[in-house]
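Q: Please find one structure pasted underneath; my questions will follow.
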Amino acid sequence: MREKKSTEGAYVARDAETLYTLAKDTLDRGQYRQAAALFDEVERQHPYSIWARRAQLMAAFSHYAAQQYPDAISSARRFLSLHPGNKDAPYAYYIIGMSYYEQIATVQRDQSSTRAAKEAFTELIRRYPASPYAADARLKLDLVNDQLAGKEMAIGRFYSDQRLWIAATIRYRRVVDEYQSTIQVQEALYRLVEAYLALGMPRQAVRAASVLGANYPGSSWYELAWNLMQKHAATWQDPVPPSSLPPPGAAPGAPEVMAPGVGSGQVPTPAGEGQTVPLPPTG
């Protein structure tokens, strides 16, 4: 006898509410991939219903929960293209940002996902500054910026190891100029002292050391910079007295370049460890 073909999992025609409810129940059971497919089916079968709009956003979340990040980004962008002024648009931007955020690689690898996450979170904050998702995006930006600064530092250290001092200073200056609020700034300033001394540019070295000392007088990086300045002072042809630099641990002077106290060293939980994205509103 011929075996009857199973129809389990087949998408048969259903009314929009029934199909949406099935998708939501599937999501609640933690079957994220199946839920994403069902939410997509809501839009396919009932593209002009109110359930289709809801399903687009829920599909984006389901793809995100299933770690199908490109699909999550695609679904969220589709929602924004069709409903740019919708009240749930901040959540769609948040899903996009978080999907890139979860793909952040180590500083030794390409940082395109990091830059894309920064762009998405920045756009969310710009468009919807009062949104609760914007508040979390600001926290995520701290890690994103620190990651990008870390990439610049890794390249700068490579150039320093090769004694390519001009190329190294370009990377360290970028950290100081563009990522002032990251924990990488202290080392970047020290590395600038090191590079300028190697290039025979003591005045620039004093400037970098003074900025480091004014903002982080108790930093181990400033102690290294101060000792390095003392070591090289006797060899300078054009004397620039290091006495202008306060000894390590002295009371901070007027801040230079950046406000004192930034770069506390608090690093958010790494992507993928304990991070959650709230469900979108269902109304």
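Q: State yes or no: is Gln147 within 18 Å of the chain's Cα centre (by Cα), at pLDDT below 90, under 25 Å from Leu228 (Cα atoms) and of a type outside the set (D, E, K, R)? Let's see the steps before the verdict.
A: On the way: within 18 Å of the chain's Cα centre (by Cα): yes; at pLDDT below 90: yes; under 25 Å from Leu228 (Cα atoms): no; of a type outside the set (D, E, K, R): yes.
No: the conditions fail for Gln147.
Q: Same structure, new question: If a residue has to be among the hydroxyl-bearing types (Ser, Thr, Tyr) and either touching a strand residue (DSSP E or B) at 6+ places or on another chain (Cβ under 7 Å) or part of a helix (DSSP H, G or I) (or both) to count, how many in the range 147-190 make the cut?
A: Let us first name the residues in the range 147-190 that are among the hydroxyl-bearing types (Ser, Thr, Tyr), namely 159-160, 169, 172, 179, 181-182, 190.
The next check asks that each one be either touching a strand residue (DSSP E or B) at 6+ places or on another chain (Cβ under 7 Å) or part of a helix (DSSP H, G or I) (or both); those that pass are 159-160, 169, 172, 190.
So the count comes out to 5.
Q: Filter the range 1-52 down to the residues that are surrounded by fewer than 17 Cβ atoms within 10 Å (Cβ to Cβ), among the β-branched types (Val, Ile, Thr) and closer than 21 Å to Asp88 by Cα, then identify the one that is modelled with the highest pLDDT.
A: Only one residue tops the list, namely Thr21.
Q: Here is a further query. Tell me, please, whether a residue that is among the charged types (D, E, K, R), surrounded by 18 or more Cβ atoms within 10 Å (Cβ to Cβ) and touching a residue at least 60 places away in the same chain (Cβ under 8 Å) can be found in the range 124-140.
A: yes
Q: Which of the following residues is surrounded by fewer than 22 Cβ atoms within 10 Å (Cβ to Cβ) and touching a residue at least 60 places away in the same chain (Cβ under 8 Å): Gln180, Gln204, Gln162? Steps first, answer last, please.
A: Values: Gln204 fails: touching a residue at least 60 places away in the same chain (Cβ under 8 Å); Gln162 fails: touching a residue at least 60 places away in the same chain (Cβ under 8 Å).
None of the others qualify; the one that does is Gln180.
Q: Something else: Taking the range 141-158 as the region of interest, how many residues are surrounded by 20 or more Cβ atoms within 10 Å (Cβ to Cβ) and farther than 22 Å from Phe121 by Cβ?
A: Result for the range 141-158: 1.
Q: Next up: Does the range 167-174 contain at least one residue that is outside the structural domain of Lys140 (by TED's automatic domain parsing), over 28 Å from the mean Cα position of the chain (by Cα) and farther than 26 Å from Asp142 by Cβ? Working first, answer last.
A: Filtering the range 167-174 for residues outside the structural domain of Lys140 (by TED's automatic domain parsing) gives 167-174.
Narrowing the set further to residues that are over 28 Å from the mean Cα position of the chain (by Cα) leaves none.
No, the range 167-174 contains no residue that is outside the structural domain of Lys140 (by TED's automatic domain parsing), over 28 Å from the mean Cα position of the chain (by Cα) and farther than 26 Å from Asp142 by Cβ.
Q: Now a separate question. Just give me the residues in the range 76-112 being within 21 Å of Ser131 (Cα to Cα), hydroxyl-bearing (Ser, Thr, Tyr) and free of Cβ contacts under 8 Å to residues at least 24 places away in the same chain, in sequence order.
A: Listed by number, the list holds a single entry, Ser81.
The values are calculated or read from the model by the stated rules, or taken from the named source; none is laboratory data. On a predicted model such as this, the values are computed, not experimentally measured, just so you know. All Cβ positions, glycine included, derive from the backbone under ideal geometry; neighbour counts span all protein chains shown.
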